[in-house]
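No lab work stands behind these numbers, since they all come straight from the coordinates. If you're wondering where the values come from, they're calculated on a predicted model, not measured in any experiment. Backbone-built Cβ (ideal geometry, glycine too); neighbour counts: all protein chains shown.
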Amino acid sequence: MDQLAVVVRRATEREHQAIRALVRSERLNPTGINWPNFMVAVAKGRVIGAVQIRKHSDGSRELGSLVVTKEARSHGIASRLIDTLLADDQEPIWLITAVPNANAYSRWGFEQIQVREAPAKVRRNHLMGSMARIISFFKRRPMQQLVILERRPIDGRMTTRKSAPGLRRERDQGERAPA
Ligand SMILES: CC(C)(COP(=O)(O)OP(=O)(O)OC[C@H]1O[C@@H](n2cnc3c(N)ncnc32)[C@H](O)[C@@H]1OP(=O)(O)O)[C@@H](O)C(=O)NCCC(=O)NCCS
């Protein structure tokens with residue numbers, strides 16, 4: 001994949017359906033898919049990656065809907081999406097992910113917290129995701145525990161650790177994550 005041919009930018013209204021389809025294709029949380037909240041990766045006019053900041057009614061924000069099409073993976077596109085989404089972002093933000101994937105987000109300052117420490121709406125999504133996983137278990141799909149991560153300031157600021165490795169999963173390449 002030619003990295004230069006992939007443009008990462010804010011989504012437009014006409015990309016709404018493509019974003020929905022991409023998020024649903026990986027069985028990620030199907031709620032709160034509002035195109036103005038999304039950053040997309042586009043190649044040859046096609047949306048091949050997406051990520052958003054969900055804005056909850058309790059004022060909290062959640063990084064979610066991170067997805068890259070299968071054929072475009074392992075080229076740093078998810079990392080570029082998150083880099084762009086969080087560039088200059090100084091506000092608190094949470095995300096929900098499966099245990100084996102949690103360390104991949106430390107590059108952006110995310111750290112695991114106790115569920116009870118998270119805002120109510122993030123806790124609710126964590127509960128919904130956990131319930132969906134139990135249903136998945138009965139459908140014989142892999143089930144992993146979900147954790148909540150919070151982006152905390154590094155040295156008093158929200159920064160991206162440029163020197164750290166990219167988005168890397170710790171183990172089991174076949175696992176599916178939530179968000
Ligand atoms: C997670 C995902 C967005 C990564 O996209 P990507 O463009 O390949 O990411 P990058 O190239 O920046 O980083 C790739 C690395 O991230 C790893 N990775 C894969 N899934 C991951 C996950 N859920 N969390 C963290 N890291 C993951 C890959 O193993 C890959 O490592 P490799 O290069 O050694 O193969 C993509 O695999 C995907 O869409 N997965 C299905 C949906 C999903 O699980 N979303 C995450 C919700 S928390």
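Fewest first, what order do V7, V23 take by the number of other Cβ atoms within 10 Å?
V7, V23
If you scale each eigenvalue of the Cα gyration tensor by 5 and take the root, what three semi-axes come out for segment 3-151, rounded to whole angstrom and sorted largest first?
Its equivalent ellipsoid spans semi-axes of 24, 18, 15 Å.
Name the residues whose placed amide hydrogens come within less than 5 Å of the amide hydrogen of E111, ignoring near sequence neighbours (fewer than 5 apart) on the same chain.
Here E150, R151, R152 satisfy the definition.
Pairs of alpha-carbon atoms within less than 8 angstrom and 6+ residues apart define the contacts here; what relative contact order does segment 8-72 have, in percent?
Normalised by residue count, the contact order of segment 8-72 is 30 percent.
Using Cα-Cα distances under 8 Å and only pairs 6 or more residues apart, what relative contact order does segment 1-134 have, in percent?
It comes to 20 percent, rounded to a whole number.
Under unit Cβ charges (Lys, Arg +1; Asp, Glu -1), what dipole magnitude, rounded to 20 debye, does segment 3-151 have relative to its Cα centre?
Approximately 700 debye in magnitude.
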